[in-house]
Structure formats: C-alpha cells, structure tokens
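Input: a single structure, listed below in structure tokens.
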Amino acid sequence: MKHIDGSKVTGFVTISVKGTAPELFFQKCASEGIKVWNVRKIDEESCEGNIRLSDIRQMKQIRRKTIYKVSFLRKNGYPFAYRRFMKKKPLVFGLLAGFLLFLFLSNIIWEVKITGVPKDIEAKIDKQLNSYGVYPGAWLFAQAPPTELQQKLINDVPELLWAGVDQKGTTFYIEGVEKIVVQEPDPEIPGNLVASKKGVITHMYVTKGQPLVSINDYVEPGEMLVKGIVEQEGSEDSEDGEETAKQTIVAEAEIKANTWYEITVTVPLEYRDEQLTGNREKKYFLKAAGFQLPIWGFGEPPYKEIHRDSTEDKIQFLKWELPISVVETTISEKEFNSMERTKEEAVETGINQAVKQLQNELGTDAKILSEKVLHETMEHGKVKLNLYISVEENIVKHEPIDQGD
C-alpha cells in the first residue's frame, strides 16, 4: 500500500503481527476503517506494517477478538519526536535561552566611534547621539536611518560642516568635519580696512573711506588699505590753522590681490577605489513613535563592507495618514579595488587635489590663477609635490578704530 499523506505530522507506528496467516489481521483492520500501508511479510507467521497513531486504540480492540500477537517496532512522526525532545527540558531551555540571548546581543549597539573632530566637538556629538537614542546598549532596530542621523547632527551641532554615519554590525561609526566659524565684526562700529594676507593689489573699488594703497602695490598682513577717518565736510580750520575736524566712519571697499600659497601634497601610486558589487539585500521595518520593529530580513548580510540606503513611506487609511510608516533599507555590498597610477597621473592628481582643497578653503569668490610644481620627489611608492599656487582673492579685513587715539 502507498504511504499515507500527512502521517508524519499526525504520527504513525510500525507494528509486528505474529500468528497463522498474519496478513489477515491487516486485512481485518483495513475492513474496519483503519488505514494501513507498507505491509510486508517477514516469514510464514509474521508481518509488519504501518498504522496511524490515532488508530492504535481501535487496532487493540480488534486484536482482543483474535489470537494474533501484536508488538510495536518503531514510533515515527513529529508527535513522538516532540515527546522525546520535551523529555530533555534542560536542553530545551538552554537552546531557547541561547537563541534569545543571541537575538538580544545581536540587536543592540555595542560601540559608537566618533572620529575627525576635536575632543570638545566630539563631546557635543556624543551628547546629541545620546538624545537620539544612539548609545551602547540601545536597540539597533529602534534607530533612525543613517542619512536622517547625519542631517540631525549637522542641524543640532553648529560646529559641524559635514557628518557621516555608518553602521557596521553592532557598531556605529561617526565621522565629522569641523566648521571654521569666522566672527564677523559689527558693521556699525567705525573701522579701517586692513590686509588679511600679503599680496599685490589687482583690483580696488572704495565706496567709503580714504584709500592708502593703489593697484600693483605690495601689501603685508595687517597693513592699512582704507582709512576709516575722513575730514568732515564743511569743517573749518581752527584758530591756529593746523587742525581739521575729523569723522570716523565704517570704511567699505572691495580690494582684490594676487596672493600665493605653497602647498605640499603626497599622492600614492597605489590606491583603493570604492565600488558597489551589485549584491544587496533589503530589510523592512515598521516605524512608530521613533521605534522600529523588523518585519522582514533579519540578521546582517555576509558583506565585509556595506552601504545603506533607506526610504520611509507613511501608511494611510482612507484619507488619513497613520503615525506608522514602513522603512525599506537596502544594504549593498561594496568593495575596495587596488588600483595603480603612473607617476604622471599621480602628479596630475596631486595638483587637482591641492587646487580643489584650496578652492574649498577660500570659497567660490577666490579665483585660481595658476599652479606650478616647485619640487617633485618619489619615495616608498608615493609622489611628494611642493606646489606654488597663485590666487586672486578679496583680502579686506575690518579693524575697529580705537576711539582713544
């Protein structure tokens, strides 16, 4: 007879029937509605076959009316496996406790690393992260996406120019770039205009004040360019004819100069290029009141380096927007490939890198005029360049007038 579908789920036993023509016992069981299968004759006076666990009682009632001897050979199916498993309660509780502990430990933050900023700003970032719920011991699935954390840090820590947040396993990596804050002088305070850097004047337009320099003049840092003290209109000479009434004003002018910078940059011939491999996995979370519950995609993918990208969609009911959203996080695998440059490519890369860095520091108003390699060396697989870069930029700096003079 064929195997009965679902018998492993409900359980079945293999019985041995001994007596004269034992196959007749299985025939009688079948005629009474008991399902039997895999009946095979062992010898002239013994047969084996399978019956369902639920039919054992009825089989025993039939046996009492016969002279056959029935014995149980094997117990099969999930009910018997479950009973054997439950008899080992310490093992069951140990496995359950181990699984829960592993699940707990793999879903909390173990470490938060902050790099790239001074200690005082690091302390502020750490304080803000604590207010966001990002600290050792916090739940991983309760955290906001890295892009959202980045924006929060930039908004809440004024000293940050840029922030990067990356999660690798149970560790959060925070990288920051400090913002250089320039204190602007009070425009209402009378003052002179002085040179902030050394250079040669190339452009000059004075709207208020007395100019003290001209185009093509060389100036040093701190040298006065426009004086904020002018003769008062309509004033008359004093009795001795030597003194004239003076008026202090806020000097205003646009003065550009040709400045220069010497920059040293080192470029390795071998470098690592970051690329996405195309392998990715998706995770889905239910988010409510800042708490994220994973609903699909558990555990971390076996990627050595990962890139995360998250999108959040609000759940709507009819025309109402519920305070629950579905967060889709795509975890992509990235890899770093070893690349090589020629010496000429390294020199070009170094020049571009230095020019870009200087342009970022000076701002978009500054104009790079030229760049020249003063000295070039190569050692230990790296090209070291000493560059001379000429720039046209605004060198005006406001300096308040000492009213006691």
Revision key, fill the gap. Residues in region 84-126 that are among the hydroxyl-bearing types (S, T, Y) and modelled with pLDDT of 80 or more total 1
**Study point:** Residue satisfying condition, being within 16 Å of V9 (Cα to Cα) and among the charged types (D, E, K, R), within set R40, R63, R74
**Key:** R74
Review point. Within the set of pairs 6 or more residues apart or between chains, which connect a residue that is at positive phi inside region 63-79 to a residue that is of a type in the set (A, V, I, L, M, F, W, C) with Cβ atoms less than 7 Å apart?
Key: G77/V9; G77/F12; G77/L53
Practice item. With respect to T349, determine if the residue is over 30 Å from V373 (Cβ atoms), modelled with pLDDT of 80 or more and among the hydroxyl-bearing types (S, T, Y). Key: no
Review point. Are there any pairs with C-beta distances below 7 angstrom linking a residue in region 91-117 that is over 18 Å from L153 (Cα atoms) and touching a residue at least 24 places away in the same chain (Cβ under 8 Å) to a residue that is surrounded by 10 or more Cβ atoms within 10 Å (Cβ to Cβ) and of a type in the set (F, W, Y), with the two at least 6 apart or on different chains, and if so which?
Key: N107/W139; N107/F141; I108/W139; I109/Y135; I109/F172
**Study point:** Matching residues in region 167-180 - criterion: being assigned to a strand (DSSP E or B) and hydroxyl-bearing (S, T, Y)
**Key:** T171, Y173
Review point. Got a sec? Which of E344, E399, E328, E333 is within 30 Å of M224 (Cβ to Cβ) and either in contact with a helix residue (DSSP H, G or I) (Cβ under 7 Å, 6 or more places away or on another chain) or modelled with pLDDT of 85 or more (or both)?
Key: E399
Practice item. Go over the candidates E252, E231 one by one and state the one that is modelled with pLDDT of 80 or more and not small (G, A, S). Key: E252
Check your understanding: Can you find even one residue in region 376-395 that is out of contact with any helix residue (DSSP H, G or I) (no Cβ under 9 Å at 6 or more places or on another chain), surrounded by 14 or more Cβ atoms within 10 Å (Cβ to Cβ) and not in a strand (DSSP E or B)?
Key -> yes
Study note, to complete from the structure: Going through region 332-380 in order, the residues found to be among the charged types (D, E, K, R) and closer than 17 Å to D273 by Cβ are E333, K334, E335, E340, R341, E345, E348
**Study point:** Hits in region 275-310 (condition: touching a Lys or Arg at 6+ places or on another chain (Cβ under 6 Å) and either loosely packed, with under 11 Cβ neighbours inside 10 Å or among the acidic types (D, E) (or both))
**Key:** E305
Check your understanding: Within region 17-48, how many residues turn out to be surrounded by 17 or more Cβ atoms within 10 Å (Cβ to Cβ), in contact with an Asp or Glu (Cβ under 9 Å, 6 or more places away or on another chain) and assigned to a strand (DSSP E or B)?
Key -> 4
Point to revise | Hits in region 175-210 (condition: closer than 24 Å to V117 by Cβ, out of contact with any Leu (no Cβ under 7 Å at 6 or more places or on another chain) and at pLDDT 85 or above) | key: E175
Review point. If you check E23 against the conditions, is it outside the structural domain of P294 (by TED's automatic domain parsing), over 30 Å from P294 (Cβ atoms) and at pLDDT below 90?
Key: yes
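The values are calculated or read from the model by the stated rules, or taken from the named source; none is laboratory data. Remember, it's a predicted structure, so these values are computed and weren't measured experimentally. Glycine gets a Cβ as well: all are built from the backbone with ideal geometry, and neighbour counts include every protein chain shown.
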